[in-house]
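Student: Below is the structure I would like to discuss, written out as structure tokens.
The values are calculated or read from the model by the stated rules, or taken from the named source; none is laboratory data. From a predicted model like this one, the values you see are computed outputs, not experimental measurements. Cβ coordinates were reconstructed from backbone atoms using ideal geometry, including for glycine residues, and neighbour counts include every protein chain displayed. Accessible surface areas use protein heavy atoms only, side chains included; no ligands, DNA or RNA. Shrake-Rupley method; radii C 1.70, N 1.55, O 1.52, S 1.80 Å.
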Amino acid sequence: SLQASVLRSTAPGRGNPRNEQVYIAASLYDPNGEIVRGEWGRRVLELIELLGEDNVFLSIYENGSGTEGENALLALARMVTCNKTIGFEKDMPLEGLTTVTVPGGQERIKRIDYLAEVRNRALPPLDIHPEKQYDKLLYLNDIIFDPIDAVQLLFSTNADENGIARCRSACAVDFINPF
């Protein structure tokens, strides 16, 4: 029914029937700016429109993408109508991340620890304004997603007897199998 109501209307916020507050955290690596300038960027803008710009905070963190990636993010930031933080670093500091010794004796940073740190770099705005409360947290990365699927995941998954979704956070992997 949510999908049907989204497709029948063009009103901003039509995918967010209870005007829930959604924090979208995205981490990217986009050296050519193709992801942000392409379909992914268009779909983020559509998702914001479906949720209602007054209901969304978008935080994007990009690391090591260089000038083209930064330029693409700045262009996207000008099109984003909701509150936002768009940040990028040339090189994220790696001190303090867990390492592992691989055969041959070389030390490498554990991939999952690195990815978690990158993801967490999109979360500091939550601490800057602790008085602002969010009903949902959606993690995105560079995977192309369907905005209607994201809305379904946020507002129709694990629904209680009143039809209210009881999930508090979701990520791009959940789009494949929203269980």
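Student: Across region 89-101, what is the total count of residues that are in contact with a Gly (Cβ under 8 Å, 6 or more places away or on another chain) and either at pLDDT 85 or above or more than 18 Å from ASP142 (Cβ to Cβ) (or both)?
Tutor: Total satisfying the criteria: 2.
Student: Yes or no: GLU62 of a type in the set (D, E, K, R) and without any contact (Cβ under 8 Å) to a residue 40 or more places away in the chain?
Tutor: yes
Student: Now, a different point. Going residue by residue through region 112-125, is there one that turns out to be touching a Gly at 6+ places or on another chain (Cβ under 9 Å), assigned to a helix (DSSP H, G or I) and surrounded by 15 or more Cβ atoms within 10 Å (Cβ to Cβ)?
Tutor: There is at least one residue in region 112-125 that is touching a Gly at 6+ places or on another chain (Cβ under 9 Å), assigned to a helix (DSSP H, G or I) and surrounded by 15 or more Cβ atoms within 10 Å (Cβ to Cβ).
Student: Next question. Being open to solvent by less than 20 Å² (accessible area, probe 1.4 Å) and in contact with a Lys or Arg (Cβ under 6 Å, 6 or more places away or on another chain) is the filter; apply it to region 147-179 and report the residue that is modelled with the highest pLDDT.
Tutor: It comes out as PRO147.
Student: If we only count helices (runs of 4 or more DSSP H) wholly inside region 1-90, which ones have 1 or more residues that are among the β-branched types (Val, Ile, Thr) and surrounded by 14 or more Cβ atoms within 10 Å (Cβ to Cβ)?
Tutor: It comes to 2-8, 34-37, 39-51.
Student: Report yes if ILE128 is among the aliphatic types (A, V, I, L, M), closer than 22 Å to LEU51 by Cβ and either in contact with a Phe, Trp or Tyr (Cβ under 6 Å, 6 or more places away or on another chain) or open to solvent by 90 Å² or more (accessible area, probe 1.4 Å) (or both), otherwise no.
Tutor: So ILE128 passes the test.
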